[in-house]
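Here the structure is laid out as structure tokens; the discussion comes afterwards.
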Amino acid sequence: MPPTPPAADGFHEPRRTDCPWCGSRRLRTRLHAPRRTRRTPGTFVVDECLDCRHAFQNPRLTAEGLATHHRDFYEQHLAPFAARVRATRRHRARARALLRFPGFPEPESWLDVGTGHARFPQTARELFAYTSFDGLDTTPRVAAARAAGRIEEAHLGRLTDQHIRNRLRARYDVVSMFHHLEHTPDPRAELRAALHVLRPGGHLLLEVPDPRSAFAALLGKWWLPYGTPRHLHLLPLDNLRAELQDQGYVVVAADRRAAHTPYDLSAALTLAFAHLLPRPLLRVAAPLVALATALDHACAPLLRRTRFSNAYRIIARRGDGPPPPCDTPPGQPRSTSA
């Protein structure tokens, strides 16, 4: 499939009339999200497929548009918020997820995809002292993480890049992708690429926002996991589990409770205040955000057991057979309807 030409404004691709996941043309608009800053172009739309329930940005930003948004919004607004909610305990729980399986051997090598500053590998090393942790990211943060000693090898680019995939073929016992798939143009290609860098019997550890969370309906455009326009896809659990099985993975665990992150109310207030209030008044709103943060954490033990859980975790094992070819055209849907 040839590359999609950019729209006339240079920031958006043409609007899709079919679902990028299943090919259905039965779409509905799920969300209109306002632009977050003056430099971020346009209003962003999230559509949902009525057949497979896949949600996606439509039209999505071009690479240039995404770069503008990351530079002007993510680093200035979401990055400081992410720093406040980052918890070593959460990273440790992610690393411990594989230890729940009796007899699971300590992995020799582990690749964290979308690692950013590599805070997860830094924490996971406390539990896996003899594991070699590498990181992959599309930003120079991965090189800085290598220089800081948080990872042993840094790979700059995408896992789907042929030169990276070939260099890392069958090298890892574990590949982790925490809140990574939603940022990628083609989640299926990411899963296929992971098969190529995993050793037979190796494990893929995924965490993904859950578009079926009740918080998505309650908070609407202020629900953080919508991530407009950084999040290109929101994948329902059943869709992702079926895709993994189709590609030859064996799904060994799927869980909504453990992946829930308590930030929904505080993040919604942060986003709303940043959009609605002038900058001098943001400090006045800080006590409300602090109160929402306390409420998020107080309610988390209960909410994570309900449909309010905002994410899910899947652990899948690569079988012994050869991985499928990686030359499938990007964005090719699996057609289910005319």
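The values are calculated or read from the model by the stated rules, or taken from the named source; none is laboratory data. This structure is a prediction, so every number in the text was calculated from the model and none was measured. Positions of Cβ are backbone-derived with ideal geometry, glycine not excepted, and every protein chain shown enters the neighbour counts.
Just to be sure I understand the filter: pairs with C-beta atoms under 6 Å, separated by 6 or more residues or on different chains, first member in region 114-130 and assigned to a loop (DSSP other than H, G, I, E, B), second member of a type in the set (Lys, Arg) and modelled with pLDDT under 95. Which pairs pass?
GLY116/ARG141; HIS117/ARG141
Kindly evaluate VAL174 against the criterion of being part of a strand (DSSP E or B), of a type outside the set (Ser, Thr, Tyr) and under 19 Å from PRO107 (Cβ atoms).
For VAL174, the condition - part of a strand (DSSP E or B), of a type outside the set (Ser, Thr, Tyr) and under 19 Å from PRO107 (Cβ atoms) - is met.
Starting from region 271-285, keep only residues that are free of Cβ contacts under 8 Å to residues at least 12 places away in the same chain, then list their pairs with residues that are surrounded by 10 or more Cβ atoms within 10 Å (Cβ to Cβ) and of a type in the set (Gly, Ala, Ser) whose Cβ atoms are within a distance under 9 Å, requiring at least 6 positions of separation or different chains.
LEU277/ALA285; LEU282/ALA274
Does PHE104 satisfy being on the phi < 0 side of the Ramachandran plot, touching a helix residue (DSSP H, G or I) at 6+ places or on another chain (Cβ under 7 Å) and in a loop (DSSP other than H, G, I, E, B)?
Judged against the criteria, PHE104 is a match.
Quick one: in region 192-243, which of the residues that are of a type in the set (D, E, K, R) and closer than 22 Å to PRO59 by Cα is surrounded by the most Cβ atoms within 10 Å (Cβ to Cβ)?
Restricting to residues being of a type in the set (D, E, K, R) and closer than 22 Å to PRO59 by Cα, the top hit is ASP210.
Pairs, please: C-beta under 8 Å, at least 6 apart or cross-chain, first residue within 16 Å of ARG230 (Cβ to Cβ) and in region 173-197, second assigned to a helix (DSSP H, G or I) and small (Gly, Ala, Ser)?
MET177/ALA194
Please go through region 302-319 and give me each residue that is in a strand (DSSP E or B) and more than 12 Å from THR261 (Cα to Cα), ordered by number.
Selection gives ILE314, ILE315, ALA316, ARG317, ARG318.
Considering each of ALA258, ALA274, ALA267, ALA253 in turn, give the residue that is surrounded by fewer than 18 Cβ atoms within 10 Å (Cβ to Cβ) and either under 25 Å from THR228 (Cα atoms) or not basic (Lys, Arg) (or both).
Result of the check over ALA258, ALA274, ALA267, ALA253: ALA253.
Considering each residue of region 107-124, count those that are buried (at least 18 other Cβ atoms within 10 Å of the Cβ) and under 15 Å from ASP173 (Cα atoms), and give that number.
Number of matching residues: 8.
Using the structure shown, decide if ARG169 is surrounded by fewer than 24 Cβ atoms within 10 Å (Cβ to Cβ), modelled with pLDDT of 95 or more and more than 20 Å from ALA93 (Cβ to Cβ).
Considered against the rule, which asks whether it is surrounded by fewer than 24 Cβ atoms within 10 Å (Cβ to Cβ), modelled with pLDDT of 95 or more and more than 20 Å from ALA93 (Cβ to Cβ), ARG169 comes out as yes.
Pairs please, first residue from region 217-231 and modelled with pLDDT of 90 or more, second anywhere and aliphatic (A, V, I, L, M), Cβ atoms under 6 Å, 6+ apart in sequence or on different chains.
Listed by first residue and then by second, the contacts come to LEU219/ALA268; LYS221/LEU31; LYS221/ALA33; TRP222/ALA268; TRP222/LEU271; TRP222/ALA272; TRP223/ALA216; LEU224/ALA267.
Would you please name the residue that is nearest to ALA147 (Cα to Cα), looking only at residues in region 94-104 that are in contact (Cβ under 8 Å) with a residue 60 or more places away in the chain and surrounded by fewer than 23 Cβ atoms within 10 Å (Cβ to Cβ)?
ARG94
Across region 132-165, which residue is surrounded by the fewest Cβ atoms within 10 Å (Cβ to Cβ) among those that are part of a loop (DSSP other than H, G, I, E, B) and in contact (Cβ under 8 Å) with a residue 40 or more places away in the chain?
The qualifying residue surrounded by the fewest Cβ atoms within 10 Å (Cβ to Cβ) is THR160.
Where in region 1-101 are the helices (runs of 4 or more DSSP H), entirely inside, with at least 3 residues that are modelled with pLDDT under 90 and among the hydrophobic types (A, V, I, L, M, F, W, C)?
It comes to 63-69, 79-85.
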